[in-house]
Every structure is written in C-alpha cells, then in structure tokens.
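The values are calculated or read from the model by the stated rules, or taken from the named source; none is laboratory data. The structure presented is a predicted model; accordingly, all values stated were derived computationally and were not measured. Note that each Cβ is placed from the backbone with ideal geometry, even for glycine, and that neighbours are counted across all protein chains shown.
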Amino acid sequence: MTKLTLKNLSKTYVLGEMCTIKNIDLEIKSGELIVFIGPSGCGKTTLLRLIAGLEPLTDGEMWFDEILMNQVVPAKRKIGMVFQNYALYPHMTVFENLSFGLKQKGINKKLIKHRVEKTAEKLEISHILAEKPDKLSGGQQQRVAIGRCIVQRPQLFLLDEPLSNLDAALRSKTRQEIKQLHRSLGTTMIYVTHDQHEAMTLGDRIAVFAPLSASNECNLQQVGSPLDLYNKPCNKFVAQFLGQPKINFLAAIVATTSDSSISATLSCSEQNITLPSCSVVAGQQIELAFRPEHIAFSLDPELTNTDKYIELQAQLSSYEQLGSECILHFDYADTQITAKVQKQFDEQELQPALWNLYVETKYCHVFDKVTGDRVSL
C-alpha cells in the first residue's frame, strides 16, 4: 500500500499559455479508495496521467510514501492503470493479455500461470482465459483490464472512468465488485468519474474538481467523505454537482442581522425569510440552497419558531412518478423548485395547484452570491 502526496502540483501546455492543473495539494491515504469527480475539462484525467508518469509535471512535487517521484519513469512507479477503453491487445487471448506484463519482466512461466489463474478466479473470468477480446462482453473486457493490473501487484491503482462503456445495470453490479475488490486487496485506488452516483457509492473520500477560470485558481474544490461533501459543501459548485435531482437555489439579499438570526428578502418574490445567525452583513447578496428531499408538504408541529423553517407557496408544474418515490417540479415566482418524496401519489393529488412547501432551516445552506463560497449556518 502506498500513501500519495501531491504538493502544489501544476501542469501547463502550449509553451506556458494553457494551464489545466494548478495548485493541487492533496494527500491520499495508504489503502484508501478516493474518487476524483468533476465535469469534462476539469483536469481529472490529466492529473491521473501525471501520477502515472505519462505526462511530466510543470511545477510541484509528487511523493509515494517518502520517495520523490517527479523524475521516476512510469515503468518504475509500480502503478496499475485501467483505461476507459480497456486497451486490451486484440490479437491475444485473455490469458496472454493478463500475463503480458509479467512476461516482459522476465517472471518464470510457473509463477505467471499461478498469478493469472488466481486473478482470473478472483474476477470470475477463468472460463474465458482462452478467448480473445472481440468475443467478450463489455463487462468481461472490463474485468480483464482490471485483472491485467492485479497480476502486476501494483502499489497504486488508477482507474479512468472504467464503467462508462457499460449499461446502467452492469455499471451498478460492477461498482459493487470494484468496492469488494478494493476491500480484499487493500491497495490504494484512485477512481476517476464524472458520475456523482459512482462517486458517492464507491469512495472512502471524494475529491471534487472544477475547470480553471479567472475566479478559480485551483482545480481542487473540496475533499472529504461522501456525506461530508453532500451535507457541508464548501461552495456552490460542489453543492450543485453532488445530488440528484440537483439542489435548489434562491437568490436573496440580507436585510438585517442579529446575534440569533438574520432576515433576508428573496429576490424572485420579495418574500421575507428568517434564518439562524451566520457570517453575513446587511445588504450582502446570498443564495439560499436546500436539497429536494428536504422539502416537506406539512409543518412539523414542534417547529414553532419562524427561524426554524421557511414556508413557500409554489405552483405544481410537473411531476415524475418513479415507483418508490416521486419528483415534483414547482414554479416559485420566476424560479423552479424541485422536491423529492418517498411516496406514491394518486393522480388526482397531482393536479396543477398552489402547494405549501416547508424547509427546516437546519437543512439550508447559504452561499455568498459573488464568490460562491459557503457561509456557515
């Protein structure tokens, strides 16, 4: 197992004119499975290639345990990498694909056979060792690609969107298999995806990345456990990237503040709301955020103080019945609000009408409208 430490890592292309990775500081614990997530163009795959040694660093340091890796060639890094397209050799059988790297290292045939067979057994691909890649399903090809890494006994696994070519049902099954594989191997894994569901279900921790911009001097936005990031996003970008359906936002302006509460006016409706005290000042532009599952349609009788909840009247515009849950879309002034409830509705209950929506303030997030940063509640 390997601890990976990245110190002020940067990568610049085109004679210094285009920077894709900037100021990355991150420590990946030995034996953990960390997920890199973010939209296309945020530098996830570039960072993975830097770690693998496939791209040279522009600035910063990379350490595997106590060894500085900046000048270490890829072959010496003891890394196993699974690519999005699997990169299997089409003219080789599964056995030959799995054993190729070991043969290149000069390992004796008996040990190669033992390692390949044990790995194939673990991944349940023993029955296809004689087949070539074009005879395999997408799921089988993906297992072979992972197996090719396992037989090398790497100190670090890098997986670059390995499930993106699989259908939804197979992705769900394979996610669990990767989780179980990580537990059995205990090897440090970095998993890259743009799928927040994969990130939430797989990662011991998640690292959220964003594209560089004039206002964003670092790709890495926040690192933490899945629930930490979901419940306490550090900024608006992280809040809206995690969660499905996406979190709701209402712009507001702070009217007054006190030691116990603040009052604010919602910009879209001019409705006044009261929130628990937080680090804002009168006149500050903020964005109030709350997740769809935190909207209720009746008020808890124990909530007697008006700063404990927010009440909104909104027009039901559409809905999605999903069996065990229902997603409802409302028009509130010129803004849409989405709610998610674990309930089956009768169709008659879902006619267009004004609904009372209640959100407990303990579930609310407040972000500065200008910077997008979280204002603690």
For the range 325-377, enumerate the residues that are in a loop (DSSP other than H, G, I, E, B) and either in contact with a Gly (Cβ under 8 Å, 6 or more places away or on another chain) or among the hydrophobic types (A, V, I, L, M, F, W, C) (or both). ALA333, GLN344, PHE345, ALA353, CYS364, VAL370, LEU377
Would you mind telling me which numbered condition in (1) farther than 26 Å from TYR230 by Cα; (2) in contact with a helix residue (DSSP H, G or I) (Cβ under 9 Å, 6 or more places away or on another chain); (3) among the charged types (D, E, K, R) GLU270 fails? (2)
Any chance the range 151-160 includes a residue that's in the same structural domain as LEU47 (by TED's automatic domain parsing) and under 14 Å from PHE95 (Cβ atoms)? yes
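Find the strands (runs of 3 or more DSSP E) located wholly in the range 178-274 whose residues include 3 or more that are in contact with a strand residue (DSSP E or B) (Cβ under 6 Å, 6 or more places away or on another chain), in contact (Cβ under 8 Å) with a residue 60 or more places away in the chain and over 30 Å from LYS7 (Cβ atoms), and list them. Full working, then the answer.
Details: elements: 188-193, 205-209, 220-224, 248-257, 261-266.
Result: 248-257.
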Only residues that are in contact with a strand residue (DSSP E or B) (Cβ under 8 Å, 6 or more places away or on another chain), surrounded by 13 or more Cβ atoms within 10 Å (Cβ to Cβ) and over 15 Å from PHE297 (Cβ atoms): list them for the range 319-332, please. ASP331
LYS103 being in contact with a Lys or Arg (Cβ under 9 Å, 6 or more places away or on another chain), farther than 23 Å from LEU181 by Cβ, in a strand (DSSP E or B) and not small (Gly, Ala, Ser): no
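Given the criterion more than 14 Å from LYS362 (Cβ to Cβ) and touching a strand residue (DSSP E or B) at 6+ places or on another chain (Cβ under 6 Å), identify the matching residue among GLN313, GLN342, GLN348.
Working: GLN342 fails: touching a strand residue (DSSP E or B) at 6+ places or on another chain (Cβ under 6 Å); GLN348 fails: touching a strand residue (DSSP E or B) at 6+ places or on another chain (Cβ under 6 Å).
Answer to the check: GLN313.
Of the residues in the range 246-273, how many are of a type in the set (A, V, I, L, M, F, W, C) and surrounded by fewer than 17 Cβ atoms within 10 Å (Cβ to Cβ)? Spell out how you get there, then give the answer.
Pass one, the range 246-273, residues of a type in the set (A, V, I, L, M, F, W, C): 247, 249-255, 262, 264, 266, 268, 273.
In the following step, the residues that additionally are surrounded by fewer than 17 Cβ atoms within 10 Å (Cβ to Cβ) were identified as 251, 253, 255, 268.
Residues flagged as of a type in the set (A, V, I, L, M, F, W, C) and surrounded by fewer than 17 Cβ atoms within 10 Å (Cβ to Cβ) within the range 246-273 amount to 4.
Does ASP167 meet the test of being of a type in the set (Asp, Glu) and surrounded by fewer than 20 Cβ atoms within 10 Å (Cβ to Cβ)?
Values: of a type in the set (Asp, Glu): yes; surrounded by fewer than 20 Cβ atoms within 10 Å (Cβ to Cβ): yes.
Yes.
Please tell me if GLY138 is over 25 Å from the mean Cα position of the chain (by Cα), among the small types (Gly, Ala, Ser) and at pLDDT below 90.
For GLY138, the condition - over 25 Å from the mean Cα position of the chain (by Cα), among the small types (Gly, Ala, Ser) and at pLDDT below 90 - is not met.
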